[in-house]
Amino acid sequence: MNNKKNQNDPLRVVGRARGYSHKELVQNLPRHKDFTTDLIQKMKKIPEVVLRNSGTILAKKLIRMMKELNTEAYRAKQFTRTKLNDRGVLYGIVLLKHKIMDIVLNYFHKRWPQCIICLYNEYTHKTSIINEKGSIQETENPLNEIIEQISKNRKSIPYFKDIQFSGNKIYEILYKSQIIEERDNPNYFKQMIPESCYKLPGMRGGVEIRFNYQKKILDHFLKSPEDV
């Protein structure tokens with residue numbers, strides 16, 4: 001029995017915390033807006049088991065930075081409102097403080113591989129583009145200008161032309177189909193859409209506000225969906 005105990009993985013995670021390995025930190029920390037090169041050198045001096053279990057103040061800081069990266073990427077994927085034109089150009093606006101644009105672009109590329117995807121970052125004031133082959137480029141030109149330039153060189157695609165309706169309409173139908181007054185659960189709604197997400201470009205004044213009963217005010221009831 002004692003021999004089996006001694007064979008336990010020394011990097012076994014204690015409790016629920018998983019932490020991150022040296023390799024994961026080296027690969028991803030440079031994406032954080034507050035990254036400095038000396039962080040990597042300091043991190044390499046910390047045993048991996050300590051990193052995985054938040055054993056030091058620095059380890060806790062590094063894990064917090066990684067969580068911030070993951071959270072921003074997740075929210076960009078889930079709460080970015082995109083539009084699609086009949087030329088197969090999918091576009092939208094994001095707010096990314098960290099260097100994770102390629103992660104977000106590749107997520108949308110996997111979902112719509114036949115589209116060219118353009119995302120304007122309000123934080124850097126730059127537009128990033130990923131084509132059907134997965135190649136990414138960045139430009140300082142305005143989003144509308146990029147969309148127009150790309151679209152004029154592409155033929156109209158009947159499939160995309162047939163599904164032209166506003167993103168607001170999609171979500172209006174979705175929320176109306178899900179909302180049942182007898183099962184109203186504001187706490188669950190708040191959990192699924194944190195308040196900070198309402199500051200994201202696609203959520204400002206979006207359809208979610210009209211279904212967030214904790215946030216509702218008289219003006220929201222009086223305004224039509226097009227006005228909100």
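Does I136 count as hydrophobic (A, V, I, L, M, F, W, C) and either surrounded by fewer than 20 Cβ atoms within 10 Å (Cβ to Cβ) or within 17 Å of the chain's Cα centre (by Cα) (or both)? For I136, the condition - hydrophobic (A, V, I, L, M, F, W, C) and either surrounded by fewer than 20 Cβ atoms within 10 Å (Cβ to Cβ) or within 17 Å of the chain's Cα centre (by Cα) (or both) - is met.
One residue alone among K97, K110, K45 is surrounded by fewer than 16 Cβ atoms within 10 Å (Cβ to Cβ) and closer than 22 Å to Y198 by Cα, and that residue is K97.
Every condition in (1) under 27 Å from E195 (Cα atoms); (2) more than 19 Å from the chain's Cα centre (by Cα); (3) of a type outside the set (A, V, I, L, M, F, W, C) is met by T71 except one, and the failing one is (2). Residues of region 87-128 that are under 15 Å from L200 (Cβ atoms), touching a residue at least 40 places away in the same chain (Cβ under 8 Å) and hydrophobic (A, V, I, L, M, F, W, C): I93, V94, L95, I100.
Throughout, read-outs are computed from the coordinates displayed, never taken from laboratory work. None of the values given here were measured: they were computed from a predicted structure. Heads up, the Cβs are rebuilt from the backbone with ideal geometry, glycines too, and the neighbour counts pull from every protein chain shown.
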